[in-house]
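Visitor: Please read through the structure below; I'll follow up with questions.
The values are calculated or read from the model by the stated rules, or taken from the named source; none is laboratory data. What you see is a predicted model, and the numbers here were worked out from it, not measured in a lab. Ideal geometry is used to build each Cβ from the backbone, glycine not excepted, and the neighbour counts take in all protein chains shown.
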Amino acid sequence: MASTSDKAVTFTWTQPGVAPAAPVLQPYDLFPTRIWQARLPSLRARFAEWVAAVLQMRAADPKPAGRTNRQGWNSKDMAVLEQPIFAPLRDAVRAGCASALREMGVSDIPFELQSWVNLHDRGGFNFLHVHEGCLLSGSFYLQVPPGSGRFVFRDPRPGVVHGYVKGAVPNGCRDIQLTPEAGLLVLFPCWMEHFVEPHDNDEPRIVIAFNALTAGTVGAPLAGN
């Protein structure tokens with residue numbers, strides 16, 4: 001009889017030449033990755049006003065900032081949530097980030113928000129990227145017409161893509177597709193690779209994307225949606 005640790009199972013050998021009974025395996029899920037979601041129905045009355053403000057921003061400066069956005073528009077302004085019109089959303093985002101950071105054990109770090117518009121026209125998408133150097137990243141979905149591209153997280157374990165097992169099974173490799181809706185707030189670790197699938201509607205898909213940064217670093221250039 002061989003035993004490993006107090007928490008491990010015990011495996012008993014049978015007689016030579018007889019097939020052994022399968023050991024009773026105790027599963028342990030390691031390296032969990034947490035994201036957060038919240039719906040903000042109390043802000044719904046402001047959505048039309050905010051959509052109009054975003055479209056006005058685009059009309060005033062139609063050239064997209066670039067970065068990872070393709071076939072759409074993203075703002076050069078990286079402090080969109082600091083505009084007075086977005087104050088209720090800014091307050092909700094800050095409160096959500098503060099709550100998530102408490103769970104992450106870094107509630108004592110002062111933070112600021114970096115925020116921008118990420119808009120997709122028909123066929124628009126974001127290619128795979130991360131938001132390096134941040135405490136936390138996130139998106140608020142302002143306008144999500146039918147056919148909007150899904151937000152996709154890549155499995156963060158770098159070696160799993162080379163494994164044989166694929167799919168939603170233990171130790172399998174798969175992407176996680178998040179189907180957005182208007183009013184949905186999503187927070188995630190900045191190092192999570194993610195992309196946005198192509199948009200299939202003539203009405204634009206509009207997101208306010210943001211990073212929570214340690215205070216005093218908002219001016220630093222960072223990868224963004």
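Visitor: Can you spot a residue in the range 186-201 that is part of a loop (DSSP other than H, G, I, E, B) and buried (at least 21 other Cβ atoms within 10 Å of the Cβ)?
Guide: yes
Visitor: Identify, by number, the condition in (1) touching a strand residue (DSSP E or B) at 6+ places or on another chain (Cβ under 9 Å); (2) within 26 Å of residue 83 (Cβ to Cβ); (3) charged (D, E, K, R) that residue 132 doesn't meet.
Guide: Going through the list (1) touching a strand residue (DSSP E or B) at 6+ places or on another chain (Cβ under 9 Å); (2) within 26 Å of residue 83 (Cβ to Cβ); (3) charged (D, E, K, R), residue 132 breaks only (1).
Visitor: Now a separate question. Between 107, 148, which is small (Gly, Ala, Ser), more than 15 Å from the chain's Cα centre (by Cα) and surrounded by 13 or more Cβ atoms within 10 Å (Cβ to Cβ)?
Guide: 148
Visitor: Conditions: (1) in a loop (DSSP other than H, G, I, E, B); (2) modelled with pLDDT under 95. Residue 161 meets all but one. Number of the miss?
Guide: (1)
Visitor: Checking the structure you have, find out if any residue of the range 71-81 is aliphatic (A, V, I, L, M), modelled with pLDDT under 95 and in a loop (DSSP other than H, G, I, E, B).
Guide: Looking through the range 71-81, none of the residues is aliphatic (A, V, I, L, M), modelled with pLDDT under 95 and in a loop (DSSP other than H, G, I, E, B).
Visitor: Right, something else. Restricting attention to the range 42-69, which residues are among the aliphatic types (A, V, I, L, M) and either surrounded by fewer than 16 Cβ atoms within 10 Å (Cβ to Cβ) or assigned to a helix (DSSP H, G or I) (or both)?
Guide: 43, 45, 48, 51, 52, 53, 54, 55, 57, 59, 60
Visitor: Another question about this same structure. Can you name the residue in the range 79-98 that is surrounded by fewer than 16 Cβ atoms within 10 Å (Cβ to Cβ) and free of Cβ contacts under 8 Å to residues at least 40 places away in the same chain and is also nearest to residue 34 (Cα to Cα) among such residues?
Guide: Result: 98.
Visitor: Then there's this: Taking into account only those residues within the range 130-143 that are over 11 Å from the mean Cα position of the chain (by Cα) and closer than 17 Å to residue 191 by Cβ, which is surrounded by the fewest Cβ atoms within 10 Å (Cβ to Cβ)?
Guide: Across the range 130-143, the extreme among qualifying residues is 132.
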